[in-house]
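Notes follow once the structure below has been shown.
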Amino acid sequence: MKKTVLICLVLHSFFCFSQAKKVPDVFEEAYVVTLKGDTLRGQIKIPPVKKLELYQKISFKDKTNKIKPYTSDRIKGYGYNSYYYISAFHNNKSCFFKVLSIGQLSLFMTKFEVLDEGETHEVHEYCYMLEKGDGQFKILEAKGLKKQLKDLFKSNKTLAQKINDQKEIPFNEETLEAYFKEFNQQ
């Protein structure tokens, strides 16, 4: 009898401690722009683990505390954490793009997962669009980034020279955003 009780206690303890802890939902101030152009103020749910969801779908809590999911084909975009995210189609799929710089040459970023040989990898894709262009996203590639940027910024000789003087240019959000903002301030 003692063995049975002991085994039950051990199993019960094991099950109690092996339960996944629920992470509470975190909501932060944000706004949504509807397809009609109306701005709704409220809060956006920040995924505790998969931040990529912010580029695919969002959960928005309005002033009445009603939570509503939105995909990029149901709203024009949303604002969160001093950035605006626009809805657009990319690779025949609707998604959100984080707007990093707006001007003559605008810079956007989106994130998604790709499955490669059974492993999922997070991909950050940086796209630009000319203000007076065809309205299509052009993708910046990590390979040959320095040449791409020099060609894009050739009208700003100081910036083009600054890029040329760099030994290596990091392919990341902070660096690209800084270059595009500098170009758009000319």
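Every number in this text was worked out from the coordinates using simple rules, so none of it is lab data. Note that the coordinates shown come from a computational prediction; the quantities given were computed from them, not determined experimentally. Neighbour counts run over all protein chains shown; Cβ positions are idealised from the backbone, glycine included.
Filtering region 22-58 to residues that are hydroxyl-bearing (Ser, Thr, Tyr) and either without any contact (Cβ under 8 Å) to a residue 24 or more places away in the chain or within 23 Å of residue 126 (Cα to Cα) (or both) leaves 39, 55. Restricting region 127-178 to residues that are among the β-branched types (Val, Ile, Thr) and surrounded by 12 or more Cβ atoms within 10 Å (Cβ to Cβ), which is farthest from residue 110 (Cα to Cα)? Only one residue tops the list, namely 163. When region 92-102 is filtered for residues that are of a type outside the set (D, E, K, R) and within 12 Å of residue 177 (Cβ to Cβ), the ones remaining, listed by number, are 99, 100, 101, 102. Here residue 155 fits the description: out of contact with any strand residue (DSSP E or B) (no Cβ under 8 Å at 6 or more places or on another chain) and among the small types (Gly, Ala, Ser). Taking residues in region 61-84 that are over 19 Å from residue 25 (Cα atoms) and without any contact (Cβ under 8 Å) to a residue 60 or more places away in the chain, and partners anywhere that are of a type in the set (Gly, Ala, Ser) and part of a loop (DSSP other than H, G, I, E, B), the pairs with Cβ atoms closer than 8 Å and at least 6 places apart or on different chains are 76/37.
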